[in-house]
Amino acid sequence: MSEEPTGGPFEIVAAEHDSATVLTVRGELDLDTIPELSATAFPAADSAAGGLVVDLTDVSFLSSSAITVLVRVCDRLPDASRMALVAVDGVVVRPVQLSGIDRVMATFTTVPDAVAHVRSAALDAEVDR
């Protein structure tokens, strides 16, 4: 019998897309994976002047603890930066909606749409300077 979670192994990868930071998360976001999420997402948020997108498309479980971490990540963003989530599966969309974090950070169904959203805030900030 396999010890592997049903959603596959946990993985988080950071990349730059159009000056925005995109964190792509795969697997289950639960108490076991929160430390790894925090270790990657907090530093990414601290330096995400072009905005931060967390792609949860391949997440198979989203715990309330993970939602708390996402809110804390959002709180660490530089001034005038935005955070957005990408979520399409009900196992992620439902907890996002029930927790109300979709009122704090926008949720999209594609990474390009989320990147455009966070970049618009960064561009507006540049124009205001």
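Side notes on the structure shown:
- Condition check for A14: open to solvent by 40 Å² or more (accessible area, probe 1.4 Å), among the small types (G, A, S) and assigned to a loop (DSSP other than H, G, I, E, B): no
- Looking only at segment 28-61, residues that are surrounded by fewer than 22 Cβ atoms within 10 Å (Cβ to Cβ), touching a strand residue (DSSP E or B) at 6+ places or on another chain (Cβ under 6 Å) and either hydroxyl-bearing (S, T, Y) or at positive phi (or both) come to 3 in all.
- Scanning segment 74-93 for residues that are among the β-branched types (V, I, T) and either on the phi > 0 side of the Ramachandran plot or open to solvent by less than 20 Å² (accessible area, probe 1.4 Å) (or both) turns up V86, V92.
- Pairs linking a residue in segment 12-38 that is free of Cβ contacts under 8 Å to residues at least 24 places away in the same chain to a residue that is part of a helix (DSSP H, G or I) and of a type in the set (K, R), with Cβ atoms under 8 Å and 6 or more positions apart or on different chains, do not occur.
- Here the helices (runs of 4 or more DSSP H) wholly within segment 44-129 that include at least 3 residues being touching a helix residue (DSSP H, G or I) at 6+ places or on another chain (Cβ under 7 Å) and closer than 22 Å to A15 by Cα are 64-75.
- Within segment 17-27, the set of residues being open to solvent by 40 Å² or more (accessible area, probe 1.4 Å) and at pLDDT 95 or above comprises R26 only.
The values are calculated or read from the model by the stated rules, or taken from the named source; none is laboratory data. Just so you know, these numbers come straight off a predicted model, no measurement behind them. Cβ: placed from backbone, ideal geometry, glycine included. Neighbour counts: every protein chain shown. Keep in mind that these areas ignore ligands, DNA and RNA; they rest on the heavy atoms of the full protein, side chains included. Shrake-Rupley method; radii C 1.70, N 1.55, O 1.52, S 1.80 Å.
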